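The values are calculated or read from the model by the stated rules, or taken from the named source; none is laboratory data. Quantities reported herein were computed from a predicted structural model and do not represent experimental measurements. Ideal geometry is used to build each Cβ from the backbone, glycine not excepted, and the neighbour counts take in all protein chains shown. Quick note on the areas: whole protein, heavy atoms, side chains included, nothing else; ligands and nucleic acids left out. Shrake-Rupley method; radii C 1.70, N 1.55, O 1.52, S 1.80 Å.
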2 protein chains.
Amino acid sequence: MNMQKDITIVGAGLVGSLLSIFLSKRAHKVTIYERRADMRINNAAAGRSINLALSDRGIRALEKAGLMGEVEKICIPMHGRYVHLADGSSNFQPYGKEGQYINSISRADLNILLLNACEQNEVALNFSLKCDQIDFDKNEISFVDGYSENIRIEKPDIIFGADGSYSASRLQHQVHSSMFDYHQFYIDYGYKELSIPPGKNGEFLLEKNALHIWPRGNYMLIALPNMNGSFTATLFFPFHGEPSFESLKTPDQVNEFFKTTFKDVFPQMTTLEEDYFTNPASPLVTVKCYPWVRDNHFSLIGDAAHAMVPFFGQGMNCGFEDCFVLDSLIEKYGDDWHTILEKFQDSRKPNADAIADMALNNFVEMRNKVADEGFILQKKIESWFAGMYPTKWIPAYSMVTFNPDISYSEALRRGQIQDRIMEEVLELENIKDDWKNSRVENAIISGYQKYFNEKI
Amino acid sequence: MNMQKDITIVGAGLVGSLLSIFLSKRAHKVTIYERRADMRINNAAAGRSINLALSDRGIRALEKAGLMGEVEKICIPMHGRYVHLADGSSNFQPYGKEGQYINSISRADLNILLLNACEQNEVALNFSLKCDQIDFDKNEISFVDGYSENIRIEKPDIIFGADGSYSASRLQHQVHSSMFDYHQFYIDYGYKELSIPPGKNGEFLLEKNALHIWPRGNYMLIALPNMNGSFTATLFFPFHGEPSFESLKTPDQVNEFFKTTFKDVFPQMTTLEEDYFTNPASPLVTVKCYPWVRDNHFSLIGDAAHAMVPFFGQGMNCGFEDCFVLDSLIEKYGDDWHTILEKFQDSRKPNADAIADMALNNFVEMRNKVADEGFILQKKIESWFAGMYPTKWIPAYSMVTFNPDISYSEALRRGQIQDRIMEEVLELENIKDDWKNSRVENAIISGYQKYFNEKI
């Protein structure tokens, strides 16, 4: 029996290219079609340097694909949040336990690394071909050539839609479904990328191994380090109101605003004016849909199946985990693609929903709570308690970021219960001044037994 | 100044045709494009006779358009729910006060009446032309001819998308928006139309002036009267599980199921087998989206803007109310289409959301609660109390159905509070046996003051 399938992947982004490598390693014939030009030749992201936070779920997938050795070379570890308060003071909040960190990585560099790996793995890459129509009855997919406008039609055994938040293959799936649940919504905030250039000798002008945050209540600035000594800063900001992208219109207004609001980093943002007026204010979308799959011949994957806002740093990691799970299912079910895709959907859909919700919630945490005394105290107490009961109590952020064996939906569930317990603990008398004691330990244990309904 | 606009309406259904009449009466040049053939010539709904419940919001709009005199002639008043219980017993639950009723009306007959009125009002009607692409920058809209496949391009001043739940114009709007919130979801139930033919001499075989319901817990059958003595019955039924559309596969299974489950009406359903296997099991979708409008030149309206499940009988009424509100805004703002469309959206969006939610909730009420003693008691007590305090307490169903001056969102808000009050009242001792007294009256008054925070 020939188990080799002819597989088409729509999209040569991070998830499409990693997926193709997994499938190719399983001896399938894999072809990728990408709407954009080859970024290795024609750098589309020229002048912009977007970076992402790679953490354990993504790393586990890259390791399984045998790529982590290469990827590690372009990673900058970030051990915690470096919080810059409005009064100019700052503090450092570790992400997890000693030795746990997330990684700043350039989206473009990682994508290029993956595309090169695709070619080493005999994946056929096609660029400037835009997915146009899909006839799901025949599994016929057509692409429009970005230059000639010629139509190219393919008839693979299986199609994966890995073409991101604004997926064209998902639109075809939607339009040709009789019952398709589809939710797409935008928050009232956009983001704009800005830069903090390196010092004269290429040195980092802020602490290198941290994710910097300037929380300002209903908005924030963050910055992640790049390999060349610069940081990419991102302003998450309301579209309307005061202040907002709408209200900051002139160079003077922008300079004045940054000077007073982000005073400690303003002097380093030497390209602020140019960045602000060149780079767009981009929207932030959440997409949930169902079903993702059609029988044994079509599936959405990555952002195309579940776009989320970036505040938990899990968009890429979740997409890579999709690939990891899919590959594990292929391992288990071999040629039974109906079962593979069905189980893929059943296992990933609730987890994608959970991380999308957590990502929305985390915006409030990042832009506001990290500057809040009560929140900082809660994190300290949790961290202390977790040190004593490491298998019982894992902070929500750690479950999501450092514990791929705990699913997103389980992390959401446990995190919500833990928050409820901590809410009660934070109401204990004098908790602020006196918490490293058996009184607090016992209060947490009793809350744990009450809400988790299990002995600690 | 020439205030006349060239207006294109996509869709010649109920809302599109009524809208065109309002606009034409305001001296605009109105053209409708409809995907289907002219139903007056080529009856697309042949063999199927769908009826709807026309109530006060719809009537108010038809009156404003000067059409209610004609429409009334094809209406059959329904004064309440005629509930057929599983044990073969039945009861009648009036919809409102004495003299209040809703109307059974044939969708096809009403649509034909409106299309004829369009022509009398100089609306240009075009059939078999399917909306294909919209270029919103140029306000250019293209249609494909269903026969010749020729493309026809129009460039009106204003486009209204009135093309229903599966709106093609909405899809164009979605695809060409940078920030468009879109929610579309299906419930796990479908509906299938069945028939109860008239008696030998054309007589009604069930009580004529009522909406019949056979509530059966997680599913139900309903029936509305037609002018010819027949009833159109609709089975709302799970797609999967036991029993479901999936589980009833053979004529024997269907007959056996109806015979035992709907035993009082089974003998009258003489075409059951044919109906069941001819008519499709159709899905039930809810659509919410935002924004509906683009500046001064595009708006969605009716189901295209807000599709809802049919359980409150408000889909058409809400769409007609859209037209009523839009016409009132034109009255007020004349040629200022930017303001007209913006205020239209601001006023209708929260109300459309509210009725879509109420429609989902009402399914549980219809298929289950109407057979529940506690529910029936609550309705009786509410009706008694409302009789004493008619301006203070209006049952939620009545607010939605008989009180167009109360918006859907206000009806939702007040209804939820009233339910909360009644929940407490129903827990009073011996409430079942003894409720027409000052104890219960005072309990409701005190709940009212507590939750509405106002004196009764």
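A few remarks follow.
- Fraction of antiparallel bridges per DSSP, the protein assembly as shown only, in percent to nearest 5: 75
- Expected-Rg normalisation [2.2 N^0.38 Å, Cα atoms] applied to region A:187-283: 1.04
- Measuring between alpha carbons in the structure, the pairs from B:Lys73/B:Lys192; A:Lys25/A:Lys155; B:Lys73/B:Lys380; B:Lys29/B:Lys130; B:Lys5/B:Lys288; A:Lys392/A:Lys450 lying more than 24 angstrom apart are B:Lys73/B:Lys192; B:Lys73/B:Lys380; B:Lys5/B:Lys288.
- Note that region B:344-360 has calculated 3J(HN,Hα) couplings of 4, 5, 4, 7, 8, 4, x, 6, 5, 4, 5, 6, 5, 5, 4, 5, 5 Hz, one per residue in order, obtained from phi through the Karplus relation 6.51 cos²θ - 1.76 cosθ + 1.60 (θ = phi - 60°); glycine and proline are x.
- Residues whose placed amide H lies under 5 Å from that of B:Ile50, excluding near-sequence neighbours: B:Arg107, B:Ala108
- Cα-Cα pairs of the protein assembly as shown separated by more than 50 Å (percent): 30
- Of the peptides B:406-415, A:11-20, the ranking by mean beta-carbon count within 10 Å, highest at the top, reads A:11-20, B:406-415.
- Loss of accessible area when B meets A, both sides summed, Å² nearest 100, probe 1.4 Å: 1400
- Computed in the context of the full set of protein chains, the accessible area of region A:372-452 at 1.4 Å probe radius has 46% of its extent on carbon or sulfur.
- Excluding ligands, DNA and RNA, the accessible surface per residue across region A:187-283 is 43 Å² with a 1.4 Å probe.
- Accessible surface of region B:1-123, 1.4 Å probe, proportion on carbon and sulfur as whole %: 47
- List of region B:281-311 residues, accessible area with partners at least 10 Å² below that of the chain alone (1.4 Å probe): B:Pro283
- Computed over the Cα atoms of region A:248-355, the ratio of the radius of gyration to the Kirkwood radius (Rg/Rh) comes to 1.25.
- Net charge in the neighbourhood of B:Gly217 (other residues with Cβ under 15 Å of its Cβ; Lys, Arg +1, Asp, Glu -1) is -3.
- Cα gyration tensor, chain B - rounded (a/c under 1.5), prolate or oblate: oblate
- Sorted largest first, the spans of the alpha carbon positions of region A:393-456 along the three principal axes are 36, 23, 16 Å.
- The residues of region B:140-182 listed by number as losing at least 10 Å² of accessible area in the complex, against the isolated chain and with a 1.4 Å probe, are B:Leu171, B:Gln174, B:Val175, B:Ser178, B:Met179, B:Phe180, B:Asp181, B:Tyr182.
- Element breakdown for region B:193-289 at a 1.4 angstrom probe: carbon and sulfur atoms account for 51% of the accessible area.
- Relative packing of A:29-39, B:83-93, which averages over residues the other C-beta atoms within 10 Å, highest first: A:29-39, B:83-93
- Spatially, region B:47-81 and region B:304-370 are offset by 17 Å when compared through their Cα centroids.
- Average beta carbon contacts from partner chains per residue of A:232-244, 10 Å cutoff: 0
- For the pair region A:112-164 and region A:222-258, the centres of their Cα atoms are 37 angstrom apart.
- 3J(HN,Hα) couplings calculated from phi for region B:436-450 with the Karplus curve 6.51 cos²θ - 1.76 cosθ + 1.60 (θ = phi - 60°) are, in sequence order, 7, 8, 6, 4, 5, 4, 5, 5, 5, 4, 5, x, 4, 5, 5 Hz; Gly and Pro show x.
- Measuring against 30 Å, Cα to Cα, the residue pairs B:Lys208/B:Lys349; B:Lys379/B:Lys455; B:Lys200/B:Lys379 contain B:Lys208/B:Lys349; B:Lys200/B:Lys379 as the ones spanning a longer distance.
- Seen from A:Ile102, the other residues with C-beta closer than 12 Å to its C-beta sum to a net charge of +1, counting Lys and Arg as +1 and Asp and Glu as -1.
- The listed peptides B:258-265, A:195-202, ordered by packing as a protection proxy, come out as B:258-265, A:195-202 (highest mean of other Cβ atoms within 10 Å first).
- A:His79 contributes an accessible area of around 70 Å² to the protein surface, as traced by a 1.4 Å probe with all chains present.
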